[in-house]
Amino acid sequence: MAIEHKVRLVEQLFDRLENEITAFQCETKLYCPPGCGKCCTTPDIDASPLEFLPWALHLFLNGKAEEMLAELNDKTITNCHIYRPLTVLDRTNGSCSNYRYRGLICRLFGYAANRDKYGKLRLASCKIIKEEQQENHADAQNAISKGLYVPVFTDYYMQLAQIDYRMASVILPVNKALKMAIEEVLQYYAYRPFPGGLENIA
């Protein structure tokens, strides 16, 4: 499958998820505090290269893939490379530098659920949401137990794997996943002409 086709399929999956999350937020009134990037500073975030393939192709089409790869190769800290804190002293406030191309894990966390050992859905939210939006969080969990639809982590990762099992099944620390996504794009186009008709993706 051509890499640009994979990117379109991943973006279509993300679009469906975005609609589901919007509906879930409207129903539960849960939200991320403005400017909060605490979850992005977690040093052990894992992701698959496939969920960052649209980001990597975007960089390639804009002539920035090799530069970003060099930055990732030089990086020593484990925090997500595309997260930008507002200040050096307070890293918990900031934003994603490429929000449109954030990964699946970034989209799911806070507004999706995991299944516990009994098969019940448990909303995966951060401590801030749980503590600052206690009532809404409790109401949301109760609504989920009564049948309110919520995206499920495993369901979406299974859908991702149907696009490219190899790239979706490799779970790596986030910066290694970013690096592998770029390498995949660079390797693919090493002996192929620059893709045409993809201006809207870039």
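The values are calculated or read from the model by the stated rules, or taken from the named source; none is laboratory data. A quick note: this is a predicted structure, and the numbers were derived from the prediction, not measured. In this analysis, Cβ positions are derived from the backbone assuming ideal geometry, glycine residues included, and neighbour counts consider all displayed protein chains. Just so you know, the surface numbers come from the protein's heavy atoms only, side chains and all, with ligands and any DNA or RNA stripped out. Shrake-Rupley method; radii C 1.70, N 1.55, O 1.52, S 1.80 Å.
Among the residues of region 96-108, those that are open to solvent by 50 Å² or more (accessible area, probe 1.4 Å) and either more than 18 Å from SER125 (Cα to Cα) or touching a helix residue (DSSP H, G or I) at 6+ places or on another chain (Cβ under 7 Å) (or both) comprise SER97, TYR99, ARG100. Please verify whether LYS29 is out of contact with any Ser or Thr (no Cβ under 7 Å at 6 or more places or on another chain), among the basic types (Lys, Arg) and closer than 27 Å to ILE144 by Cα, treating the condition exactly as stated. In short, yes.
Scanning region 1-39 for residues that are over 15 Å from LEU123 (Cα atoms), assigned to a loop (DSSP other than H, G, I, E, B) and hydrophobic (A, V, I, L, M, F, W, C) turns up MET1, ALA2. Of all residues in region 169-183, those satisfying the criterion of being open to solvent by less than 50 Å² (accessible area, probe 1.4 Å) and either farther than 9 Å from ALA47 by Cα or among the hydroxyl-bearing types (Ser, Thr, Tyr) (or both) are MET180, ALA181, ILE182.
Here MET180, MET158, MET167 are screened, and the one residue that is touching a Ser or Thr at 6+ places or on another chain (Cβ under 8 Å) and closer than 30 Å to LEU59 by Cβ is MET167.
Among the numbered conditions (1) open to solvent by 50 Å² or more (accessible area, probe 1.4 Å); (2) assigned to a helix (DSSP H, G or I); (3) farther than 29 Å from ASN79 by Cα, the only one that LYS130 does not meet is (3). Here TYR111 meets the list (1) modelled with pLDDT of 85 or more; (2) farther than 24 Å from LEU13 by Cβ; (3) not in a helix (DSSP H, G or I) almost entirely, failing just condition (2).
Looking for something of a type in the set (Asp, Glu), surrounded by fewer than 15 Cβ atoms within 10 Å (Cβ to Cβ) and closer than 30 Å to LEU186 by Cα - is there at least one such residue anywhere in region 72-93? Checked against the condition, which is being of a type in the set (Asp, Glu), surrounded by fewer than 15 Cβ atoms within 10 Å (Cβ to Cβ) and closer than 30 Å to LEU186 by Cα, region 72-93 yields at least one hit. Going by what's in this entry, would GLY147 be described as exposed (fewer than 13 other Cβ atoms within 10 Å of the Cβ) and assigned to a loop (DSSP other than H, G, I, E, B)? Yes, satisfied. Within region 1-18, being open to solvent by 60 Å² or more (accessible area, probe 1.4 Å) and within 15 Å of the chain's Cα centre (by Cα) holds for GLN12, ASP15, ARG16, GLU18. Filtered by the rule that a residue be hydrophobic (A, V, I, L, M, F, W, C) and open to solvent by 20 Å² or more (accessible area, probe 1.4 Å), region 56-71 gives PHE60, LEU61, MET68, LEU69, ALA70. Among the residues of region 123-141, write down those that are among the basic types (Lys, Arg) and farther than 14 Å from THR28 by Cβ. Listed by number, the list holds a single entry, LYS127.
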